[in-house]
Each structure stands twice: as C-alpha cells, then as structure tokens.
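Before any comments, here is the structure.
The values are calculated or read from the model by the stated rules, or taken from the named source; none is laboratory data. Source: prediction; values computed, not measured. As a convention, Cβ positions derive from the backbone with ideal geometry for all residues, glycine included, and neighbour counts pool all protein chains shown.
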Amino acid sequence: MNLLVIFFAAIFVNNFVLSKFLGICPFLGVSKKVETAAGMSLAVTFVMAMASAATYLVYNFILVKFNIPYLYNIAFILIIASLVQFIEMFIKKSSPTLYQALGVYLPLITTNCAVLGVTVSNMQDNYNFIESIVNGVGAALGFGLAIILFAGIRERIERNNILSAVKGFPIALISAGLMSIAFLGFSGLL
Amino acid sequence: MDINSIIAPVLSIGGLGIIFGGILGFAAQKFKVKQDPKIPLIRECLPGANCGGCGFAGCDAFAQSVAEKKAKVNGCPVGGAAVAEKIANIMGIENTASVKMTAFVKCKGNCTVSNSKYEYYGINDCKMESALANGSKSCSYGCLGDGTCVKACNFGALSIVDGVAYVDSTKCTACGQCVSACPKNLIELVPFENKVRVACNSKDNGKTVKANCSVGCIGCKLCERNCEFNAVTVENFLAKIDYSKCTQCGVCAEKCPAKAIIK
C-alpha cells in the first residue's frame, strides 16, 4: 500500500515537471512531436530506475559509512553520468534497435536535473531500496505523462493560427503554465 | 582537526571516480561495436537534410544500409546522380543511372474552375479540413489548398497558387515528404522529363466531375483511343499515363475536352 502511495504521488501529486519544476529543459526541448517525446520518456524511465538503485547503494554503503553524506551532490552526479555512459555503451552492443530508438536522448539525460532530483528526494525522504526504485519509476512516468501530453498540445498549436506575437516559444510556455495549474488539482489527492 | 575528515572524502569520492572510470574504460573495450569505415565516408557525400526521402530514418540510416548493400547507391533522391556517383566510387561499384523525379500535384481545380460545398473557417490545415466532410471542395478528391504540403516541404519547392498547391520542379528534390503529408494523396512523384501528366485525381463519374469542376477528368477515354503508343489507360473514370511508354507527343493533351491532361 505504501509503495502504491509513493508511486502515484510521484506521478501525479509531486509531478517532477509540473509541480517541482525540474527537468524543464527536455520538457520544452523534446516536446515538438509525440513520437520523440515518447522516446525521451522511455529513456528517462530507464535511467531514473537505474539511478535510484545505484545512488541508494552508494549513499547508504559508502557515504553514510564514511560519515560524509554532505558530498551526496558530487557523488550522485558522478554516478548518474557514468551510469548513462555505461548504459549507452551496453545498449549499443546488445540491442541496436533499442539504441536507435533511444539514440540521441540517452546522452541528453545526463544533464536532466529531474534525475538528480529524484535521487536527492529518495535520500531526503529516507526511502528504502524498493521504495527508491518505485519512486524513481513513478517520477519518470510522471515526467513521461507531462511531456507526452504537452507534445500533443504543441502539435495541435502548431496547426493553428496563433497570434504572431506569441507564436512558437511564448505560446509553449503559456500552455506549460496552464498545464501546471491543471496538475495543481491533484495536490489534494493523497 | 581530525585529519580523517579530509582523507575519507578524498579517498571515497576519488575512489568512486577511479572505479567508475575503470568500468567505463573496460566497457568501452568490451562493448566496442565495429563500424564499417565506409559509413562515415558515404554519410559525408549525402545532403544531410534527414528528409527520409530514401525510405530510411535519415541520412545516417541510409549510409549504413548502403554500406551493408541493403540499399542502392542511387537511393538518395535529393542528391540525385551526383551523389550516386560519389557513393558508387566509395562502394567500388558501377552507378546505375537514376531517373530524376519531381513531385506533381494531380489537381488544377483552383478557385475559379471548381465549386465548393461550404465555407471553411477552421484551422488552416488540410488534414483538419478534410476531417470535416472531406473538405470544403465539392470534389472530394481535389486539393484543399490549406498548404499542409507547403509546411512539410524542407526545400521551399511548394506554394499555394490560387487555392491549389503548385510544385516548383526546379527546387523539388523528390524527397516525398509532401506525398505522405497530403491527406488526399494528391501528390505523386513523376519523372522530371515527362511533361505530359494527368492533372486530376477524381474517380467520380463524368457527370459528377462536370458538376464539381470544369477541369476534371470525366473518363471519356478520348485520350486512350487517340494515343498511338498505348500509354494512356482510363480506369475508374480517371486517365493514367504510363511514363515508360509515353513519348510526350501531346496528342492526349490536345484531345482532352476538359484539358485535364497538361503538357
């Protein structure tokens, strides 16, 4: 039950993009088409789950043990960056089709602050190993939900006649703000 | 001050860095993917527009398929003969001649010659308009002129002239983006040199076509009967020219009562 609460809270209530405002860069950058948005969210899900597991292990068995938890930022960045690199190499060798699907998105994720955000929130909320992974996957699905919905909206906007003053990026920012307000409605859910 | 509070972080974080570095270095060796040295060479010859006109997911994918001999050296419609020549040199095989193609809009029912069912005030997009009772044009096969193909074109070859899409064949690279963008399937890739083409896509019978548009093919078969080379056939009230047989004599275009065949 507790796991379910963490999972759905991460998707809806604490949506990383629309409630915590993390990962805005890929949210705006890779949301022009639903297809690419789906590719990006798939890659993020993968990396967030792996990063949650890896950072939990390093934090509890290395940082806490040596009494240096204040260095978590440096350690987590190190872990995420090398993890993404490793995964990229591994996928390139083992599954070229998956590599082509994720392709350019994998390296982009290294600098996605939502990944660092989820690992830090795992630590601050004192989640155990399983809870960390569930939170990671939930946060990633929340990110995917937001970015795919937003891509759908942007595809529609693109077809419309938009006032030239707000055409392109301004209207995207306005709609992102409106989406964020809409997601505020979930805050009373849990 | 406890010296350990300096040594412990340095060792543990430094150690982590060294371990991760080692793993990555090992993985780079272990998971090395052998790449054909021809691929980057071929990729360099290609235009790099990533238009997908070759049928692959961009120039990189095409270069790889060529190197694996899954695609022909002249598969890039944008680069044409010049690029095909270069790739053939890299691959060390003869370049088989490629025919230059161009996109062609099979409709000339502009605002003055064709009728409309209703006034459309919606989103300026052919896909949107055609979802609304097949569009505002009386002829359900005709060009809606909202310019979805114009937006799809990466090379600025398309424009809307008098309510109908028009291809500037000097700019067209035959990448086929407009072909897949058109909800009416009106755009076709035809040989650049063949100027005699049927500028109509209506499969309605003659009477309906007459009521909707004055320049539509009514399926009278005058072209079919008058062609000496059996290049024109009429099927479903619509003339079709076999470009391999057509000698461009232009008899069909002269005989056509609706002037639906252009020269």
Filtered residues of the stretch B:49-63 (kept if surrounded by fewer than 19 Cβ atoms within 10 Å (Cβ to Cβ) and either of a type in the set (V, I, T) or part of a helix (DSSP H, G or I) (or both)) = B:D60, B:A61
Just need a number here: residues in the stretch A:59-103 that are closer than 27 Å to B:Q35 by Cα and either assigned to a helix (DSSP H, G or I) or within 11 Å of chain B (Cβ to nearest Cβ) (or both).
-> 22
Here is a list of conditions, (1) assigned to a loop (DSSP other than H, G, I, E, B); (2) more than 14 Å from chain A (Cβ to nearest Cβ); (3) under 18 Å from B:T173 (Cβ atoms), and B:E85 meets all of them except one; can you say which number that is?
-> (1)
Given (1) surrounded by 19 or more Cβ atoms within 10 Å (Cβ to Cβ); (2) within 14 Å of another protein chain (Cβ to nearest Cβ); (3) in contact with a Leu (Cβ under 8 Å, 6 or more places away or on another chain), where does B:V150 come up short, assuming only one miss?
-> (1)
Yes or no: A:I174 assigned to a loop (DSSP other than H, G, I, E, B), surrounded by fewer than 17 Cβ atoms within 10 Å (Cβ to Cβ) and not charged (D, E, K, R)?
-> no
Of residues in the stretch A:15-49 being surrounded by fewer than 23 Cβ atoms within 10 Å (Cβ to Cβ) and among the polar types (S, T, N, Q), the one farthest from A:I148 (Cα to Cα) | A:S19
Per the filter on the stretch A:146-179, residues under 22 Å from B:E129 (Cα atoms), in contact with a helix residue (DSSP H, G or I) (Cβ under 7 Å, 6 or more places away or on another chain) and modelled with pLDDT of 85 or more are A:A151, A:G152, A:I153, A:R154, A:E155, A:I157
For the stretch B:33-43, state whether one or more residues are within 14 Å of chain A (Cβ to nearest Cβ), hydrophobic (A, V, I, L, M, F, W, C), part of a loop (DSSP other than H, G, I, E, B) and surrounded by fewer than 18 Cβ atoms within 10 Å (Cβ to Cβ).
-> yes
Criterion violated by B:C107 - all others in (1) closer than 30 Å to B:G142 by Cβ; (2) surrounded by 22 or more Cβ atoms within 10 Å (Cβ to Cβ); (3) not assigned by TED's automatic domain parsing to the domain that holds B:C153 satisfied | (3)
Filter the stretch B:43-91 down to the residues that are in contact (Cβ under 8 Å) with a residue 12 or more places away in the chain and of a type in the set (D, E), then identify the one that is farthest from A:Q100 (Cα to Cα).
-> B:E68
